1. Counting only residues that are free of Cβ contacts under 8 Å to residues at least 60 places away in the same chain and within 16 Å of ligand 1 (Cβ to nearest atom), which one in segment 1-25 is surrounded by the fewest Cβ atoms within 10 Å (Cβ to Cβ)?
2. Which ones in segment 322-337 are under 21 Å from the mean Cα position of the chain (by Cα) and part of a strand (DSSP E or B)?
3. Quick check on Glu149: is it touching a Pro at 6+ places or on another chain (Cβ under 7 Å), within 16 Å of ligand 1 (Cβ to nearest atom) and touching a residue at least 24 places away in the same chain (Cβ under 8 Å)?
4. Among (1) touching a residue at least 60 places away in the same chain (Cβ under 8 Å); (2) closer than 19 Å to Arg224 by Cα; (3) in contact with a helix residue (DSSP H, G or I) (Cβ under 9 Å, 6 or more places away or on another chain), there is one condition Pro131 misses while meeting the rest; what is its number?
5. Does segment 145-156 contain any residue that is in contact with a His (Cβ under 8 Å, 6 or more places away or on another chain), within 16 Å of ligand 2 (Cβ to nearest atom) and within 20 Å of Asn41 (Cα to Cα)?
6. Could you say which residue among Val170, Val208, Val220 is in contact with a Phe, Trp or Tyr (Cβ under 8 Å, 6 or more places away or on another chain) and within 25 Å of Trp333 (Cα to Cα)?
7. Look at segment 1-30 and say how many of its residues are closer than 25 Å to Leu218 by Cα and in a strand (DSSP E or B).
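The values are calculated or read from the model by the stated rules, or taken from the named source; none is laboratory data. Remember, predicted model here, so these are calculated numbers, not experimental data. With ideal geometry, Cβ positions are generated from the backbone for all residues, glycine too; neighbour counts draw on all protein chains shown. SASA here: full protein model, heavy atoms, side chains in, ligands and nucleic acids out. Shrake-Rupley method; radii C 1.70, N 1.55, O 1.52, S 1.80 Å.
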Amino acid sequence: MNELVLTLPDDWHVHLRDAALLHETVAATARSFGRAIVMPNLVPPVREAADAQAYRQRILAAVPKGSGFTPLMTLYLTDQTTPQTIRDAHAAGVTAVKLYPAGATTHSDLAVTRIEHLWPVCEMLAELGMPLLVHGEVTDGDIDIFDREAVFIERHLQPLVARFPTLKLVLEHITTAQAVAFVTASGPNVAATLTPQHLLMNRNDMLVGGIRPHNYCLPVLKRRTHQLALQQAAISGNPKFFLGTDSAPHLQERKESACGCAGCYSAPAAIELYAQIFDELGALDKLEGFASHFGADFYGLPRNQARIRLCRETWQLPEKLALLGGRTLIPFWAGQPLHWRLAGILP
Ligand code: DOR
Ligand code: ZN
């Protein structure tokens, strides 16, 4: 098979950032996705309906001419978020809310210190049918970084799902066999996103032969057995597992630093990276469900009408992307071969 035509996919987890970066990130995501769930971890974060509406306008202003790209907005939960905040956000067209445990990742210092603070908010989310998107890692200093997701599931997620059995919940960017098992065993209201980096790599790809800061993200890459479990989930055809890139750019100087930032900027070749791994696993026939159907179905949104065409072709991304002011981004997978290439969006 040398050509693939798919329903236009959506990205159910992306960091578009803000200001000058929007021209880069929005174009890169709009290139192959119809819609994207836009993460709210700006500085300051997107905490209220009005913040989300203003951010949506800034994103729309950066959408390339002729693209029908639609950003789907989220709120950043804090200890101060109230059920009324959620009601107002829902009325204003905000799609979902994001739970970061405080200190778990980039710009999460203002986030939730105790999940129990969120019980009233969860009740309102369940009532409205609005999804709770979860960064599933504990932040306790005594828990090893490679165990943070598994411990979060045990300590926090199982009790949360038991308490709110109808709440729509997406465990974002899962990295472990425990997360796959938890999502598989839960009801149809519990789903997960999978990133290209966690499907294509394991922790050896970050640490063997020298430390590779562009492969560092959170939750951190795990050992190969976990990577294999994620791959099996992605190609299983189970609609609980769908595409979410977690594309998260940081300037080159912030990645290549004594204390480097977490995040892989995968948007420039996102759909090609997924096609590559599905192809390697002999499961190209499962790509369309994962990339273009299951996420929309879970969110209760219509599937896209347009389609994309991908061609089998070996190519490489540029080593660096130049931004205004002489700053640079290094795209994820730069310098490595890609075996599929987006040929275009078909109406
Ligand atoms: O690697 C990551 N980068 N993981 C996250 O959870 C956040 C993201 C970011 O915003 O940089
Ligand atoms: Zn993220």
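1. Ala19
2. Quick first cut of segment 322-337, residues under 21 Å from the mean Cα position of the chain (by Cα) only: 329-334.
Scanning segment 322-337 gives a single hit, Leu329.
3. In short, yes.
4. Exception for Pro131: condition (2).
5. No, that holds for no residue.
6. That would be Val220, the only listed residue that is in contact with a Phe, Trp or Tyr (Cβ under 8 Å, 6 or more places away or on another chain) and within 25 Å of Trp333 (Cα to Cα).
7. To start, the set of residues in segment 1-30 that are closer than 25 Å to Leu218 by Cα comprises 9-30.
Filter once more, so that each one left must be in a strand (DSSP E or B): 11-14.
Adding up the residues that qualify gives 4.
Residues checked against (1) within 16 Å of ligand 1 (Cβ to nearest atom); (2) touching a residue at least 12 places away in the same chain (Cβ under 8 Å):
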{"residue": "Pro101", "(1), (2)": "yes, yes"}
{"residue": "Val121", "(1), (2)": "no, yes"}
{"residue": "Glu137", "(1), (2)": "yes, yes"}
{"residue": "Ala162", "(1), (2)": "no, no"}
